[in-house]
Amino acid sequence: MTDEELLRYSRHILLEEIGVEGQERLAASHALVIGAGGLGSPVALYLGTAGVGRLTLVDHDHVDLTNLQRQLAHALDRVGQPKAQSARVAVAALNPHVHVEPVVAHADAALLDRLVPQADVVLDCCDNFATRQAINAACARHRKPLVSGAAIRFDGQVAVYDTRDAASPCYACLFPPDSAPEETRCATLGVFAPLVGIIGSIQAAEALKLLCGIGPSLAGQLLMLDARGMEWNRMRTPRRPQCPVCGDRQATVP
């Protein structure tokens, strides 16, 4: 670690739970972020500033003026640019030592099967049920920890699904693939601007904890926020043995 890096990450290094060893683990880590919008913005920025060595950002969409109310990785002069590339610019402005790979594409099963095995942690920052299910299935298939967030109106939720642990549920244990809810979009229902920052920041924190080995994570729990009254609720989420995605797991994978 260089003198400049020791200074840059000094507030992390002062923490007993991280220290130089933990910071070096972050530098050697690879995070895959699906979605570079409201949730993906704080996720990418915090993982980048924290010194995660490699970020892959996947998003097929382009920056729109309506995004700037809450998607802090983007700027007015980048309206019309792909969100993944715009977010790379934002991360580079804060920490040029992080390697950011933008992928301007839909996160379909084929792409996920190529990208997920390369990552140490996957963060679901997308906004639709089908993509969430595809991300979860790929993470379960390749035994990669998944940090999932969602935010709409004043309501947010975050969870960790870590199928390396046989006792931990996957996303489909809570939200079965055959019970798709009615899609809710912020374009029609709205979203409270700071809400995505709150949920995305928690996602980034859980990912950093997983990468550094700081526990416990939110695995087996669903953390829910009603930002109207700033009320938090925590629900235990057991694994469903008959789950069509992760039901055949036999043992913990080290």
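Laboratory data are not the source of any read-out in this text; all were calculated from the coordinates shown. These numbers come from a predicted model, not from an experiment. We place every Cβ from the backbone using ideal geometry, glycine too, and count neighbours over all the protein chains shown.
Annotations
- Loop exposure criterion: trypsin sites (Lys or Arg not before Pro), DSSP state outside H, G, I, E and B, at most 12 other Cβ atoms within 10 Å. Applied to the chain, the longest stretch between such sites is 1-184.
- Shown is the FRET efficiency for Ala187 and Ala105, computed with R0 = 25 Å from the Cβ-Cβ distance and rounded to the nearest 0.05: 0.70.
- Fewest-first ranking of Met1, Met224, Met230, using other Cβ atoms within 10 Å as the exposure measure: Met230, Met1, Met224
- Principal semi-axes in Å for the range 109-171 [√(5λ), Cα gyration tensor, largest first]: 20, 14, 9
- Those GluC sites (Glu not before Pro) in the range 181-240 that DSSP places in a loop and that have at most 14 other beta carbons within 10 Å: Glu182, Glu183
- Both radii are taken from the alpha-carbon atoms of the range 11-88; with Rh as the Kirkwood radius, Rg/Rh is 1.08.
- Out of every Cα-Cα pair that the range 12-236 contains, those further apart than 31 angstrom amount to 14 percent.
- Pairs of alpha carbons in the range 96-211 whose separation is greater than 21 Å (percent): 40 percent
- Each residue in Asp124, Asp61, Asp178 was given a count of other beta-carbon atoms within 10 angstrom of its own, and listing them fewest first yields Asp178, Asp61, Asp124.
- When Cys246, Cys186 are sorted by how many other C-beta atoms sit within 10 angstrom of their C-beta, beginning with the fewest, the order is Cys186, Cys246.
- Measuring r between the beta carbons of Asp77 and Asp178 and using R0 = 45 Å, the FRET efficiency lands at 0.55.
- Rounded D (µm²/s) - the range 1-133, Kirkwood Rh over Cα pairs, Stokes-Einstein at 20 °C, 1.002 mPa s: 141 µm²/s
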